[in-house]
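The values are calculated or read from the model by the stated rules, or taken from the named source; none is laboratory data. The structure presented is a predicted model; accordingly, all values stated were derived computationally and were not measured. Here Cβ is always computed from backbone atoms with ideal geometry, including for glycine, and neighbour counts include all displayed protein chains.
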Amino acid sequence: MSTYAVGAERRTGEAAQVRLGTYSGCPPPAAIVAGKALMKDPRTTPQYAERVPYVVVCGQPGAILRELVMSPHEVVQDPRRRLHFGYYLNKQVRALYMYTNARAPYCTVHSGSRRSL
């Protein structure tokens with residue numbers, strides 16, 4: 001059992017609310033980044049429901065997500081690190097695209113009076 005938990009609200013995958021406590025299974029990405037920061041400096045304990053930013057970087061083929069999450073500050077300091085654009089395209093952009101297309105058939109266009117410009 002891990003000692004990290006995440007709040008229910010997660011936005012775009014770049015920051016999530018983290019609270020210390022118990023979490024069964026693998027902790028979410030924001031909790032992993034918070035745990036790495038705690039190992040380096042115990043004073044970096046996040047406040048209750050504080051958002052912890054993270055990014056997903058490229059790694060070995062077949063690597064799992066928890067091995068690819070890092071703090072944005074670590075990525076800036078290490079010029080060899082590259083963002084995992086495939087992850088962001090599949091998880092963020094594609095999800096938004098699917099959401100907007102799922103709603104599109106239900107949108108109606110009212111043909112009101114035509115106005116000339």
Exercise. Evaluate region 16-38: report whether one residue or more is at pLDDT 85 or above, surrounded by 10 or more Cβ atoms within 10 Å (Cβ to Cβ) and among the β-branched types (V, I, T).
Key: yes
Exercise. Please determine, by comparing only the residues of region 46-97 that are assigned to a loop (DSSP other than H, G, I, E, B), out of contact with any helix residue (DSSP H, G or I) (no Cβ under 6 Å at 6 or more places or on another chain) and among the polar types (S, T, N, Q), which one is surrounded by the fewest Cβ atoms within 10 Å (Cβ to Cβ).
Key: Q60
Quiz item: How many of the residues making up region 40-56 are farther than 16 Å from A15 by Cβ and either modelled with pLDDT of 90 or more or in contact with a Phe, Trp or Tyr (Cβ under 6 Å, 6 or more places away or on another chain) (or both)?
Solution: 3
